[in-house]
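Take a look at the structure set out below.
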Amino acid sequence: MATNTDQPGTMYDLSSVLDVEALEAVRPGSSILISGPAMTGKQGLAYDVLADGVTDGQGAIIVSTGDRAETVVNEFAGRVGTDDFELGVIDCAGDQQTGESSVGNDVFTHRVNSPGDLTGIGIGITEALEALHGRGADRGRLALSSLSTMLTYTDRKTVFKFCHVLSSRLEAAEYLGLFTIDASAHDEQTLQVIKQAFDGMIEIRENDGKREARVRGLTAEPSEWVEL
């Protein structure tokens, strides 16, 4: 396996995935919300950021509220271009035994019976962090897709608390967190509540048939819109 050459405290550079100056030096432990309408590539962007970290020997954790673990692993491997990576998957798609964990093909998998089981998801993330740390991946990136699915199972205050607690856990581990949300599926009050749990946000939009993104919150002023 690749070894992690990053030193603790080193900033995360995400600009090779999204060419925005604000992403050139992201503080370890930061949590970023990726917000935009449905079908605008939010999950793909999050996976690309994780795949970019894997090439530097970092760990990756994916919390999937829709796709099965097998689908997640196959899609991620396609983005990385190899099956040589440290990955933990928390599979929340349902119809499975809660707490079932396994390690196979260098992938740690924890299964949760519902996207609404936030306690089970939190346990799975903690176990994944411990598993990757035990393999030498002291730093890494986490992607959760998507908060919108969680919000169909529970209320916004509960999801906000979950994000706040998880953000603190990621900060302690010096992991980078990426959380997707379908902005078109929620009212403005819900979005405002959820946004408060994050250090910054990547907004995605469709403009003249093209997908564009900008970064807010990580610097004093929002970035310019750039094409994805």
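The values are calculated or read from the model by the stated rules, or taken from the named source; none is laboratory data. Just so you know, these numbers come straight off a predicted model, no measurement behind them. All Cβ positions, glycine included, derive from the backbone under ideal geometry; neighbour counts span all protein chains shown. SASA here: full protein model, heavy atoms, side chains in, ligands and nucleic acids out. Shrake-Rupley method; radii C 1.70, N 1.55, O 1.52, S 1.80 Å.
Structural remarks
- Spherically averaged projected area in nm², based on the convex hull that wraps the Cα atoms of the chain: 11.5
- LEU228 sits with roughly 80 Å² accessible to a 1.4 Å probe, with DNA, RNA and ligands left out of the calculation.
- For the chain, calculated [θ]222 nm from helices alone, where every DSSP H run of n ≥ 4 adds -39500 (n - 2.57): -10000 deg cm²/dmol
- The region of the chain that goes longest without hitting one of the GluC sites (Glu not before Pro) in a DSSP loop, each with at most 14 other Cβ atoms within 10 Å, is 25-223.
- Accessible-area composition of the chain, carbon plus sulfur, in percent [1.4 Å probe]: 45
- Working from label points 7 Å from Cα in the Cα-to-Cβ sense, the LYS157 to HIS133 distance is 3.2 nm.
- The chain: relative contact order in percent, alpha carbon pairs under 8 Å with at least 6 residues between: 27
- Accessible area in the full protein assembly, largest first, 1.4 Å probe, for MET39, MET11: MET39, MET11
- Here the contact order of the range 130-228, divided by its residue count and restricted to Cα pairs under 8 Å and six or more residues apart, works out to 23 percent.
- Contour minus Cα-Cα distance for GLU227 and GLN196 (0.36 nm per residue): 8.5 nm
- Heavy-atom surface of the range 95-228, accessible at 1.4 Å and reported per residue (Å²): 49
- Extension gain (nm, one decimal) between ALA25 and THR82, 0.36 nm per residue minus Cα-Cα: 17.9 nm
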